[in-house]
Amino acid sequence: MKSSPLFLSLQGLPRYEAHCVTCSDELQKFHVLAIDLLQLMAQVRGDTEEIWVDITFVPDLAVGDDVLCHGGTALAKVTESEDIP
């Protein structure tokens, strides 16, 4: 996963267990259902909700990708080598 100034991965934890450096909330994994490139937004589904998130920081997303989100913003695309249960 590429490093972002908006979240950090804690030493000794799996790379997907990243936390927001501002509020310490855990990032959540979502599945991309639809993308609006004009608004840079993606419709995503998580375990308990379906929402729209800003994809400004991850513009190379495609429908079917998994992404880590926090605060209505996609922060990192999940790759096969970083798969999250």
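The numbers here are math on the coordinates, done by the rules we state, and not lab data. Please read these numbers as outputs of a predicted model, since none were measured by experiment. A quick note on method: Cβ atoms are made from the backbone with ideal geometry, for glycine too, and the neighbour counts reach across all protein chains shown.
According to a simple spin-label model (label point 7 Å from Cα along Cα-to-Cβ), what is the distance in nm between Leu33 and Asp47? So the label points at Asp47 and Leu33 sit 1.8 nm apart. Ranked by the mean number of other Cβ atoms within 10 Å of their residues, highest first, the peptides 64-72, 47-55 come out as 64-72, 47-55. Annotation for Leu40 and Thr79: the two label points, set 7 Å from Cα along the Cα-Cβ direction, are 2.3 nm apart.
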